[in-house]
2 protein chains.
Amino acid sequence: MKNADENINRSGEPEFEPQRLETAQPGQHGGGSLDRDATELHEALGDLIRVYQFRDRKRICYHDVSVTQCYALSALVRHGSPTLNQLSDELYLDKSTTSRVVDSLVKKGYASRVPEPEDRRAIRVEPTAKGRELFATIEKHLIEQEKRLIADFDPEVRQATTRLIARLARAAKERFSRDDGTCCTIEDE
Amino acid sequence: MKNADENINRSGEPEFEPQRLETAQPGQHGGGSLDRDATELHEALGDLIRVYQFRDRKRICYHDVSVTQCYALSALVRHGSPTLNQLSDELYLDKSTTSRVVDSLVKKGYASRVPEPEDRRAIRVEPTAKGRELFATIEKHLIEQEKRLIADFDPEVRQATTRLIARLARAAKERFSRDDGTCCTIEDE
DNA sequence: CATTTTTCATTGCTACTAACAACTATATTT
DNA sequence: AAATATAGTTGTTAGTAGCAATGAAAAATG
């Protein structure tokens with residue numbers, strides 16, 4: 001199973017640009033490890049994301065909303081009543097998709113659209129009391145599950161995990177939203 | 001396997017940002033910092049997953065396959081030619097969904113269904129040469145991007161991140177697949 | 001050995017996700 | 001006042017996803 005990497009890296013390995021990317025950091029160790037680190041991180045993240053998506057589908061759907069709907073609800077609760085645009089930015093979704101997600105929440109009675117007096121084109125989406133309640137319940141369940149998951153990690157490990165994941169998320173947010181789309185620079189073969 | 005992990009971080013983890021978020025104190029029957037850690041982890045993971053999903057949608061779609069299709073292709077390449085059931089297990093998807101994902105890959109020429117001689121009900125799904133090639137290209141791009149992302153992390157941080165994420169993924173895999181669905185025990189207050 | 005049951009995969013159905021493009025209505029610029 | 005830009009919605013198309021029902025082959029049962 002591990003050997004499957006062969007295809008990816010082994011066969012044509014140093015095909016990439018040699019780690020020219022600002023290895024400004026003195027951390028020697030042969031810059032070669034950046035490639036390896038990136039590959040391993042990529043793999044680990046893939047696993048993590050797939051399994052969490054699965055968990056979320058399974059779990060959130062017990063509560064009458066889908067995963068995306070739940071993310072949206074979360075954003076509504078957290079950021080008090082964003083406009084549709086703000087919401088779509090937060091969720092990394094197109095406005096049209098966001099609008100429909102809001103539709104579904106409204107239909108189910110978890111959110112409502114209220115006019116924005118400052119700008120009559122805009123609306124604000126706010127969670128209803130029922131929406132807040134649902135969100136709190138779901139959140140509680142998910143966190144409960146998270147808790148069981150990390151209960152047997154040492155406290156320092158737990159905290160380090162969170163810190164690093166948060167850092168990675170921050171970096172990813174900054175980078176991925178910035179070079180939006182266009183960056184498909186590599187066009188090889 | 002839990003025990004094996006235990007020391008993973010013992011050896012090389014400690015000093016990143018020593019910003020310890022307060023009192024990692026007494027574990028009064030489930031209270032205390034475990035709650036906080038779980039909450040923070042939950043939050044950080046949510047951010048990470050959303051931003052990566054966004055990245056993946058943006059990025060993979062340049063290459064004529066969707067995110068799920070790409071995951072499937074990855075599984076095909078990695079684990080040489082699984083049966084449909086194996087594939088659906090790997091992807092945490094229903095067999096019907098998996099079958100349709102395979103359809104799309106077959107239609108695009110990236111995979112083919114071959115009969116399994118051992119069991120004539122079953123099939124094996126194998127990537128075509130074109131499929132392998134596409135996968136390698138996509139993988140290369142994604143890893144390249146990952147590389148840019150973590151290039152300015154210290155090597156130890158990079159490695160710790162990967163290690164912890166992998167560990168979390170492993171734990172999640174084990175737990176979430178095990179208590180499949182049924183565990184929705186908690187019934188709010 | 002014939003019958004029941006189980007298993008592997010596919011198809012029908014329904015609902016949701018998601019982007020792009022076209023559109024309406026309001027704001028802002030010129 | 002007219003041109004342009006922005007906020008949100010709707011139309012369209014493709015893909016995601018699960019559940020239920022089906023067909024076919026294998027395994028278990030009598």
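Every read-out reported here was derived from the displayed coordinates using simple, explicitly stated rules and does not represent laboratory data. This structure is a prediction, so every number in the text was calculated from the model and none was measured. Note: ideal-geometry Cβ built from the backbone for every residue, glycine included; neighbour counts use all protein chains shown.
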From the list B:K130, B:K140, which one is among the charged types (D, E, K, R), away from DNA strand D (no atom under 15 Å from the Cβ), out of contact with any Cys (no Cβ under 6 Å at 6 or more places or on another chain) and facing chain A (nearest Cβ under 9 Å)?
B:K140
Residue list for region A:88-138, filter: among the acidic types (D, E) and either assigned to a strand (DSSP E or B) or within 24 Å of the chain's Cα centre (by Cα) (or both):
A:D89, A:E90, A:D94, A:D103, A:E126, A:E133
Is there a residue in region A:112-124 that is facing chain B (nearest Cβ under 8 Å) and without any contact (Cβ under 8 Å) to a residue 60 or more places away in the chain?
no
Report yes if B:L91 is more than 8 Å from chain A (Cβ to nearest Cβ), within 16 Å of DNA strand C (Cβ to nearest atom), within 27 Å of A:L149 (Cα to Cα) and touching a residue at least 12 places away in the same chain (Cβ under 8 Å), otherwise no.
no
Test A:L73 against the criterion of being in contact with a Phe, Trp or Tyr (Cβ under 6 Å, 6 or more places away or on another chain), within 14 Å of chain B (Cβ to nearest Cβ) and more than 11 Å from DNA strand D (Cβ to nearest atom), and give yes or no.
yes
Test result for A:A166, surrounded by 16 or more Cβ atoms within 10 Å (Cβ to Cβ), part of a helix (DSSP H, G or I) and over 16 Å from the mean Cα position of the chain (by Cα)
no
I'm checking my understanding of the structure. Among residues of region B:42-70 that are of a type in the set (A, V, I, L, M) and more than 14 Å from DNA strand D (Cβ to nearest atom), which one is farthest from A:T68 (Cα to Cα)?
B:A44
Closer than 24 Å to A:A44 by Cα, out of contact with any Lys or Arg (no Cβ under 8 Å at 6 or more places or on another chain), away from DNA strand D (no atom under 16 Å from the Cβ) and not polar (S, T, N, Q): which single residue out of B:D152, B:D94 fits that description?
B:D152
Evaluate region A:60-78: report whether one residue or more is touching a strand residue (DSSP E or B) at 6+ places or on another chain (Cβ under 8 Å), without any contact (Cβ under 8 Å) to a residue 24 or more places away in the chain and more than 30 Å from B:L93 (Cα to Cα).
no
Checked region B:54-87 for anything within 11 Å of DNA strand C (Cβ to nearest atom), under 24 Å from B:R121 (Cα atoms) and not in a helix (DSSP H, G or I); matches are B:S81, B:P82, B:T83
